[in-house]
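A quick write-up on the structure given underneath.
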Amino acid sequence: MVGYVQDCFQYLQEVKMEHFDRKFDARGLNCPLPILRVREALNTMESGEELRIVATDPGSVRDFEAFTK
C-alpha cells in the first residue's frame with residue numbers, strides 16, 4: 001500500500017508541472033455527463049489549447065478514448 005501511495009504522489013507531482021490552458025473538474029459526474037460537459041468546454045476553446053480533465057467515473061477513461069477517435 002505504501003508503494004502505491006508513493007506512486008500516486010509522484011504522479012500528482014508530475015501532473016502539477018504539466019502545462020494546460022484550462023482544467024475541467026468532472027469529479028462526481030457519471031456517464032454520460034463528463035463527455036457532454038467536456039464537449040461544451042471544448043467548443044469554447046481555441047485550436048491548440050490543452051484541456052486537463054479530472055474525473056472520478058471509472059468508465060471515463062474508456063469514454064474519452066472513444067470520444068477522441
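Quick notes
- Coupling constants for segment 45-55 follow from the phi torsions by the Karplus curve (6.51 cos²θ - 1.76 cosθ + 1.60, θ = phi - 60°), and in residue order they are 9, 8, 4, x, 6, 10, 10, 9, 10, 10, 9 Hz; glycine and proline get x.
- Phe24 long-range amide H proximity, modeled H, under 5 Å: Arg52, Ile53, Val54
- Each peptide among 59-68, 38-47 gets the average number of other Cβ atoms lying within 10 Å of its residues, and from highest to lowest they stand as 59-68, 38-47.
- Put simply, the amide H of Cys31, placed in the peptide plane, has no neighbours under 5 Å, leaving out anything fewer than 5 places away on its chain.
- Estimated at 0.36 nm per residue, the fully extended path between Phe20 and Thr56 surpasses their Cα-Cα distance by 11.0 nm.
The numbers here are math on the coordinates, done by the rules we state, and not lab data. In this text, all values refer to a predicted model and were calculated from it rather than measured experimentally. Don't worry about glycine lacking a Cβ; one is built from the backbone with ideal geometry, like all the others, and counts go over all protein chains shown.
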